[in-house]
Amino acid sequence: MEKRAISRHKGRLERAKVPRISAKKQPKCDVCAKIVKLFRTPFPPPPIKNLRAFWTWVQLGSFEDVIVSTRCEIHPRMLRSVFGDALNTTDTTKFVAKGADDCIIIVGHNSEYRVSLDHSSLMRLPTPSAIHNAVSSCITHNAIAVNRQWIDSNLLRRWKRSCDKQNHAACRQWPQTSGLSLNMCPNWLIDTWRMCLVRGTTGVPYVALSYVWGPKEFFKTTRQNLDQLQLDGAFINSHQRLGVPRTIADAISVVGLLEERYLWVDALCIVQDDSITRHSEINKMASIFAGASITIIASQGEDANYGLRGLHSISQPRNLNQDIFALTKGYNIVNTRKKSKTPCVWANRGWTYQESLLARRRLCFGYDGIDWDCRCSSFHEDARANPGSKLLYRDTTRDMFSSPFPSLRGYGELLSSYNLRDFTYPEDALSAFAGITTSLSLTFYGGFVCGIPLMFLDIALCWQPSANVCERRLPSENTDKEPTELGLPSWSWVGWKCKPYLWAWEHGNDYVKQSPYLLQGMSCEETLPIVSWFSRKWGTAEATPISHFQGVIQGLKTSAIEGKEPPMGWKRFEHSINSGTQSVVDRSYLKNFERLGYFYRYEHDPNSEFWYPIPSWYDTQGDTSPCEIAGNTLLCARTRRASLWLTGRFKACGGTISIRDRQRNWVGALRLQTPLPMETSNRYSGEMIACELVAISAGYAIEGRPAHAIDEWFMPERPEASKGEKYEFYNVLWVEWKDGIAYRKALGRVMKSAWEAQDLEWIDLVLG
């Protein structure tokens, strides 16, 4: 067996024909030695509860020492292979490396210690004589030399069979905690045995294809050709005969390699000119991808005609280059797959996000290679893995869908990955995310309105943009409707193309003490409701109350503070804040609950601890009725407004500016969300711009503790109280009015005492 394995490995090396760069024996390079040392360090499987501590960080040196003045020729070429042209165009000042499981990642940091270069995994290519030792040791992810042009098609079957043998529940069925309807089946499927369209049947396994259409027209199913496509052999040589794009034609063949029979692909399994059935199928696309046995992801190429390259006798050849660097004897380091200089269209398209996120098992074609990813295993074509190896690095964002409890911070991470994506029709932004909110609706008590979770309504309305890219989403040119009417209200993140700032929602997880799958809230901020919210549809007067969902949360929190008996299923335990075993990190999470002296556990989740009880999936699993406020895009409340002034250096967006009263006294701060008019964009503190502010909630933070979401926390003009005291404020929206509806321009805070000293006016606020 060993001889055959070594022989196969030598054959792969010969076929790969990759460039080799030999290491000099003298002089020794400190950077190369540090990298080799990382590879020599054995790493045990990562702990579930503390993945951050699992990583080992090593300082490689400054940009000058590592790249410019070094006498070594090996590692600079390796870094240029990893980072490409970005190495010369970023403000990188230093390099660090982290290692785990025989894979290391090199990261470039700028002077503010922020990541300035995308990281890339490097693996070790063992010598042929060491292969059998690697298989029997703790090393499970050594690199493999692969064929430049062709994929080993047997990998697809082996990966699928490995997953099948582990019989992992999450790989077989979407979690019950999901609000998705799992008994839905597609109207049409491609039968890859008969090579024609057949009616979908409940319970029949199928493979789904996630890809991009691109701007070019191609063959699709219509009412005119539907009957013809149901005839046996209709899709034989479909690319040549019918003009079916290569990606779809190749996927039909891949289904057979996976030992499956049926394929669902939107262009052929939805009758494109039947508006009624098309709308119905689009609405259940999330359930279709969640119900698929496997989802094929075609992430490479700009359109549907690129194909799934590298499948011998099926598709066009690929062009996979592996750069190998010999840092020292026995340590050939491989830069496995270099990222393309062309942006990945699939990864930037809005609709593909939920297609990938909701997939139970993913077979990914990208960067001229293939990968397998499911809830129990992760395989890469160019990485050696032991048979039946378990998944080492858990995707915490997908944990949300199997957790019985909500995580506002986790939800924010989903939005950070989604909300900068592109749409042909921007008004699709909410629909393309609807499968995710539907899936989370049973754990987020009350569901969602325009992407805002109702159980965290006041906190969620205080979202902020985090990057310099923030622009209003406007409908496509083929409609004259208002953005809010089409599901793009200004008060929700979905109305803006931006990356939400995660720290703004950090305190939404303040109920978590510790959990293997829930993120803990590290902010000392607290948001307090002051208004009763209602929602209504555009063009109607009838409003539905929605504040009672978060009112339940506030009631549970208040009961915990007052020491009342917990709800059924919850049990209270004593907690000593002076315990010597209490970690420093754990202390920081105590924030407003330090004086309680106890925490809670839930009977269905003994591994998690909570500062106060909270509604869970077990409380809502019987409620599968559609939300009564679906389609409501207006928020209504009775609140107070004030006229104040903005000063400071005005940036395009993302910058913090001061709020002042008429006497120019500092009263608060606001984070700009949209560019100001050109004539004001370069103004300094001598100029003041009038703004109308409306209060949407109150809040406070504890002086001397972390408050990352409060932009004015370190402003010199902010009156700072003694450590441990409260900094109290009102959360306010800067709004502009149109036809009796107020639209959000930005969000900020005004000190409580300063706000209450203004000439306040009660108004009936309608937010659009």
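The values are calculated or read from the model by the stated rules, or taken from the named source; none is laboratory data. A quick note: this is a predicted structure, and the numbers were derived from the prediction, not measured. Don't worry about glycine lacking a Cβ; one is built from the backbone with ideal geometry, like all the others, and counts go over all protein chains shown. When the accessible area is computed, the model is the full protein with side chains, heavy atoms only, and any ligands, DNA or RNA have been set aside. Shrake-Rupley method; radii C 1.70, N 1.55, O 1.52, S 1.80 Å.
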When residues of the range 155-189 are limited to those that are outside any helix (DSSP H, G or I) and among the aromatic types (Phe, Trp, Tyr), the one surrounded by the fewest Cβ atoms within 10 Å (Cβ to Cβ)
174
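Does residue 321 satisfy the criteria of being more than 30 Å from residue 269 (Cα to Cα) and assigned to a loop (DSSP other than H, G, I, E, B)? Break it down into steps so the answer makes sense when it comes.
Details: more than 30 Å from residue 269 (Cα to Cα): yes; assigned to a loop (DSSP other than H, G, I, E, B): yes.
Here the answer is yes, as residue 321 does meet what is asked.
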Take the conditions more than 30 Å from residue 513 (Cβ to Cβ) and either within 23 Å of the chain's Cα centre (by Cα) or modelled with pLDDT under 80 (or both) and apply them to residue 112. Does it pass?
yes
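Take residue 231 and tell me if it is in the same structural domain as residue 261 (by the TED database), at pLDDT 95 or above and either assigned to a loop (DSSP other than H, G, I, E, B) or in contact with a Phe, Trp or Tyr (Cβ under 9 Å, 6 or more places away or on another chain) (or both).
Judged against the criteria, residue 231 is a match.
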Quick test of your reading of the structure: residue 222 fulfils all but one of (1) farther than 27 Å from residue 345 by Cβ; (2) surrounded by fewer than 13 Cβ atoms within 10 Å (Cβ to Cβ). Name the failing condition by number.
(1)
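Can you say whether residue 286 is buried (at least 20 other Cβ atoms within 10 Å of the Cβ) and at pLDDT 95 or above, as far as the supplied structure shows? Spell out the reasoning first.
Working: buried (at least 20 other Cβ atoms within 10 Å of the Cβ): yes; at pLDDT 95 or above: no.
When the stated conditions are applied, residue 286 does not pass them.
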Within the range 288-300, the residues that are more than 7 Å from residue 365 (Cβ to Cβ), under 19 Å from the mean Cα position of the chain (by Cα) and among the small types (Gly, Ala, Ser) are 290
Filtered residues of the range 400-421 (kept if part of a helix (DSSP H, G or I) and under 15 Å from residue 445 (Cα atoms))
408, 411
When only residues in the range 324-350 that are in a loop (DSSP other than H, G, I, E, B) and modelled with pLDDT of 85 or more count, which is farthest from residue 210 (Cα to Cα)?
344
Test for residue 565: is it open to solvent by 60 Å² or more (accessible area, probe 1.4 Å) and within 25 Å of residue 350 (Cα to Cα):
no
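Has the range 358-371 got at least one residue that is free of Cβ contacts under 8 Å to residues at least 12 places away in the same chain and part of a strand (DSSP E or B)? Break it down stepwise before answering.
As a first pass, look at the range 358-371 and keep what is free of Cβ contacts under 8 Å to residues at least 12 places away in the same chain: 371.
This time we only want the ones that are part of a strand (DSSP E or B), so: 371.
Yes, some residue in the range 358-371 is free of Cβ contacts under 8 Å to residues at least 12 places away in the same chain and part of a strand (DSSP E or B).
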Lone qualifier among 721, 707, 701, 746 - being open to solvent by less than 60 Å² (accessible area, probe 1.4 Å), of a type in the set (Gly, Ala, Ser) and without any contact (Cβ under 8 Å) to a residue 40 or more places away in the chain:
721
May I ask you to say which residue of 425, 445 is in contact with a Pro (Cβ under 8 Å, 6 or more places away or on another chain), among the hydroxyl-bearing types (Ser, Thr, Tyr) and under 20 Å from residue 345 (Cβ atoms)?
425
One residue from 538, 533, 505 being among the aromatic types (Phe, Trp, Tyr), touching a residue at least 60 places away in the same chain (Cβ under 8 Å), closer than 20 Å to residue 706 by Cβ and touching a helix residue (DSSP H, G or I) at 6+ places or on another chain (Cβ under 7 Å)
505
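For the range 529-562, give me each residue that is in a strand (DSSP E or B) and loosely packed, with under 14 Cβ neighbours inside 10 Å. Full working, then the answer.
Kept after step one, since they are in a strand (DSSP E or B), are these residues of the range 529-562: 534-536, 544-545.
Passing the criteria: only 545.
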Only one of these is of a type in the set (Gly, Ala, Ser) and at positive phi: 451, 435, 412. Name it.
451
If you go through 251, 290, 286, the only one that is more than 26 Å from residue 175 (Cβ to Cβ), aliphatic (A, V, I, L, M) and assigned by the TED database to the domain that holds residue 223 is 251
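Looking only at the range 497-522, which residues are outside any loop (DSSP other than H, G, I, E, B), surrounded by fewer than 23 Cβ atoms within 10 Å (Cβ to Cβ) and of a type in the set (Phe, Trp, Tyr)?
Across the range 497-522, the qualifying residue is only 503.
Determine if the range 319-340 includes at least one residue that is within 21 Å of the chain's Cα centre (by Cα) and either surrounded by fewer than 19 Cβ atoms within 10 Å (Cβ to Cβ) or in the same structural domain as residue 264 (by the TED database) (or both).
Of the range 319-340, the ones within 21 Å of the chain's Cα centre (by Cα) are 339.
Filter once more, keeping what is either surrounded by fewer than 19 Cβ atoms within 10 Å (Cβ to Cβ) or in the same structural domain as residue 264 (by the TED database) (or both): 339.
Yes, there is a match, as at least one residue in the range 319-340 is within 21 Å of the chain's Cα centre (by Cα) and either surrounded by fewer than 19 Cβ atoms within 10 Å (Cβ to Cβ) or in the same structural domain as residue 264 (by the TED database) (or both).
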Read through the list (1) in a loop (DSSP other than H, G, I, E, B); (2) open to solvent by less than 80 Å² (accessible area, probe 1.4 Å); (3) of a type outside the set (Val, Ile, Thr), then give the number of the only condition that residue 716 fails.
(2)
